[in-house]
Amino acid sequence: MDKKKILEKIKISIQNTMISTVGIEITDVGDNFVCGKMPVDAHTVQSFGILHGGASVTLAETLGSIAGSMQVDSEKNVVMGIAINANHLKIVEEGWVYGKATPIKIGKNIQVWEIQITDKDDRAICISRLTLAVVKKR
């Protein structure tokens, strides 16, 4: 696995998407994980000036979906989110949040990923579970 090439390919693929609009950056990949970070700024806070729960879910689904797509033959299949939940544990008002997606189950038709989001001090901000369907390309 050439991490540098994979990270560059991901960077290109997320340009001009919601992912890039909110400032998500993919920072590391491995055989069974994907890591990334997202700024807490005007694009990701709600009206009280704290990280919006929807932004955390966006980070979680992004990391899990990228991780899931790395587990399938991209010439034949894609992954699609079919369910996501999130428990928001702590507020963040500034800086960055960091996420890591790791598998719970990687099956032929269904994948389940856990995504942990932390602050700069590694305190839990959000924990999410994402279920992906593996779908044949049309």
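Couple of notes before you dig in:
- Looking only at the range 14-60, and only at residues there that are over 14 Å from the mean Cα position of the chain (by Cα) and acidic (Asp, Glu), the one that is least open to solvent (accessible area, probe 1.4 Å): Asp41
- Residues of the range 21-60 that are under 16 Å from Val92 (Cα atoms) and part of a strand (DSSP E or B): Lys37, Met38, Pro39, Val40, Val45, Leu51.
- Test: residue in the range 84-98 that is under 20 Å from Lys4 (Cα atoms) and at pLDDT 95 or above: yes
- Close pairs (6 angstrom Cβ cut-off, 6 or more residues apart or separate chains): without any contact (Cβ under 8 Å) to a residue 40 or more places away in the chain in the range 43-67, in a helix (DSSP H, G or I) and open to solvent by less than 20 Å² (accessible area, probe 1.4 Å) anywhere: Thr44/Ala55
- Residue list for the range 97-124, filter: within 14 Å of the chain's Cα centre (by Cα) and either hydrophobic (A, V, I, L, M, F, W, C) or open to solvent by 60 Å² or more (accessible area, probe 1.4 Å) (or both): Val97, Tyr98, Lys100, Ala101, Val112, Trp113, Ile115, Gln116, Ile117
- Residue within the range 61-80 that is in contact with a helix residue (DSSP H, G or I) (Cβ under 9 Å, 6 or more places away or on another chain), in a loop (DSSP other than H, G, I, E, B), modelled with pLDDT of 95 or more and buried (at least 16 other Cβ atoms within 10 Å of the Cβ) present: yes
The values are calculated or read from the model by the stated rules, or taken from the named source; none is laboratory data. Because the structure is a prediction, the values reported are computed rather than measured. Here Cβ is always computed from backbone atoms with ideal geometry, including for glycine, and neighbour counts include all displayed protein chains. What goes into the accessible areas is simple: the full protein's heavy atoms, side chains included, and nothing from ligands, DNA or RNA. Shrake-Rupley method; radii C 1.70, N 1.55, O 1.52, S 1.80 Å.
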